[in-house]
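Every number here is computed from the coordinates shown, using simple stated rules; none is lab data. These figures come from a predicted structure and were not determined experimentally. Glycine also receives a Cβ, built like all others from the backbone with ideal geometry; neighbour counts cover every protein chain displayed.
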Amino acid sequence: MRRSEPVSPPAAMPEPSSAHPARRALVGASPGTLLVDPGAPPPLLRVIAYSKDELLAVELRTADEVEPLRQRFPVVWLNVDGLGDGTVLRRLGELFGLHRLALEDVTSRQQRAKLEDYQTNDFLVLRVTNPGDELDTEQLSLFVGEGFVLTFQERAGDAFELIRTRLRDPQGRLRQSGPDYLAYALIDASVDAYFPVLERIGDRLDTCEEHILADCDHRTAVAEIHELRRDLLQLRRALWPLREVTAALLRETCSRFGSDTRVYLRDVHDHVVQLLDLLENFREMGSSLMEVHLSTVSNRLNEVMKVLTIIATIFIPLTFVAGVYGMNFKHMPEYEWEWGYPVCLLLMAAIAAAMLWWFRRRRWL
């Protein structure tokens, strides 16, 4: 099946610039106004509808094609990749009974992680990481209601491929459970995807520490530390409010999650706490590495200054002797002495040797 074509938003709706997409509605705009970025990819509708004995995975051409599947299967998971078509988003809101404020949050891609309880569904917003070596996060909007799970992502590519594989197993718990357990599995996969990211950051911190202690190029290490600290700050903004969301999911007020599923949600909450502990440890390591770098640079500067100071101190008396015997007075002592020049050099060498012996005795060298 082909994907649905994007439809231009109504003329009355304010259009953000594609170069600088707006994140908020204009002051005084009606609540629930959808600000669709025209540069965003068009929605790709992929649905997995299943029961204990049957599973159907298709790509829909239009949003209306999901309604027969909801009537046929007890659980329907519709994943929307791309937020570039306001018409499709509004139609999905009508079909699934989504609140207009929730739809506005879907298109506002800088939302803080949160949980909203509406009458017909629960709405979650969280940031997820995309596969790859570079840190790349996007907003995931998840609705769970009676017989359905609806997810919105900014673009194609996610960490849910293992969930789709597990759904193909007719004996698996996902196929035997309702939409609340599917929602838990998606949240759990989103949270667990942060562990490899933090592991890579930990490896990079160890490499930076080795470079700093090995006295390698400090400029490269400092640039790497600054980049790591920015990544850690970005992860902290994503994970810190997520702890509140997972704690709220454990309460009885979340009507869409049964008591059996809340047991598994405790594990998700524990994972979030572990991630935050790792995150704070890595932030402290980053700060400590910066202090180690500054200390190392300061020690190197002190060593250089010590050597230069010792050299200058040794040459002070030598300069005095050379200055005295460099004066061109006619009746200076030893001026015409045959051994005056070598004796003067020997005296200067003896002074330098005595000062070096004294410095070493005082452990300044």
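Descriptive notes on the structure:
- Where Rh is the Kirkwood radius over Cα pairs, Rg/Rh for the chain: 1.36
- Under 5 Å between amide hydrogens, built in the peptide plane, is the criterion, and for LEU44 it picks out ASP81, GLY82 among residues at least 5 positions away or on other chains.
- Using the average count of surrounding beta-carbon atoms within 10 Å as a protection proxy, the listed peptides 116-123, 67-74, 338-345 rank, highest first, as 116-123, 67-74, 338-345.
- The chain, helix-only ellipticity at 222 nm - DSSP H runs n ≥ 4, -39,500 (n - 2.57), divided by all residues, nearest 500: -18000 deg cm²/dmol
- Summary of packing: across the peptides 301-313, 348-360, 228-240, the per-residue average of other C-beta atoms within 10 Å ranks them, highest first, as 228-240, 348-360, 301-313.
- Semi-axes of the equivalent ellipsoid for region 303-361, Cα gyration tensor, largest first, Å: 28, 13, 6
- Principal axes of region 164-254: Cα extent on each, largest first, Å: 58, 32, 14
- Highest average first, the peptides 53-64, 192-203 ordered by how many other beta carbon atoms sit within 10 Å of their residues are 192-203, 53-64.
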